[in-house]
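Single-structure report; data block below.
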Amino acid sequence: METLKVLILEDNEYDMELVKRSVVSFSNYHFQFTWVVSKNDFIKALTEIKFDIVLSDYNLPQFNGIDALKISKEINPNIPFIIVTGTLTEEAAADSIKAGAWDYVVKERLHRLPLAVESVLNLKMKG
């Protein structure tokens, strides 16, 4: 079974655990998770490890999901980036997609996350 390296940018440990559990329910892969909270740790992780996917909260203490997306695209534009957030207006969701996010999932609908992961990984393979 292939191992996927997943970078989770999330400031809430409880939410990070929920995201991990949701992704692991997608059992075609083994997962190696790296959890970061700060902008500096996010940049450091992206430059040191070749991740297969990034899962990012939208509202963070130092910056937001759009800023994280821009950083991710600068470092490696081919990493699928999914916004996973508790509150995302339709306007913010549209802005995320326009900025280059591959998908977004609202935390109240985390059951969608495994499908979103599978979908973006398939797009990446085709791309």
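The values are calculated or read from the model by the stated rules, or taken from the named source; none is laboratory data. These figures come from a predicted structure and were not determined experimentally. Note that each Cβ is placed from the backbone with ideal geometry, even for glycine, and that neighbours are counted across all protein chains shown.
Residues that are out of contact with any Lys or Arg (no Cβ under 7 Å at 6 or more places or on another chain) and more than 17 Å from I79 (Cα to Cα) within the stretch 3-17 comprise E10, D11, N12, E13, Y14, M16, E17, listed in sequence order. Residue check: K44 meets all listed conditions (1) over 17 Å from L18 (Cβ atoms); (2) surrounded by 14 or more Cβ atoms within 10 Å (Cβ to Cβ); (3) at pLDDT 95 or above but one, namely (2).
In the stretch 32-41 there is at least one residue that is modelled with pLDDT of 95 or more and either closer than 16 Å to V120 by Cα or buried (at least 19 other Cβ atoms within 10 Å of the Cβ) (or both).
Confirm whether Y104 is of a type in the set (S, T, Y) and either crowded, with 21+ Cβ neighbours inside 10 Å or touching a residue at least 40 places away in the same chain (Cβ under 8 Å) (or both). Yes; evaluated as a whole, the condition is true for this residue. With the condition kept exactly as written, say whether any residue in the stretch 40-55 is touching an Asp or Glu at 6+ places or on another chain (Cβ under 9 Å) and farther than 22 Å from E2 by Cβ. No: the stretch 40-55 contains no residue that is touching an Asp or Glu at 6+ places or on another chain (Cβ under 9 Å) and farther than 22 Å from E2 by Cβ. In this structure, does I66 turn out to be part of a helix (DSSP H, G or I), surrounded by fewer than 17 Cβ atoms within 10 Å (Cβ to Cβ) and touching a strand residue (DSSP E or B) at 6+ places or on another chain (Cβ under 9 Å)? The answer is no for I66. Does L113 satisfy being in contact (Cβ under 8 Å) with a residue 12 or more places away in the chain, surrounded by 18 or more Cβ atoms within 10 Å (Cβ to Cβ) and not in a loop (DSSP other than H, G, I, E, B)? Yes: the conditions hold for L113.
Residues that are under 18 Å from M125 (Cα atoms), modelled with pLDDT of 90 or more and surrounded by fewer than 18 Cβ atoms within 10 Å (Cβ to Cβ) are absent from the stretch 10-26.
Among the residues making up the stretch 58-100, a single one is of a type in the set (S, T, Y) and without any contact (Cβ under 8 Å) to a residue 24 or more places away in the chain: T89. Scanning the stretch 87-127 for residues that are within 24 Å of Y14 (Cα to Cα) and at pLDDT below 80 yields a total of 5.
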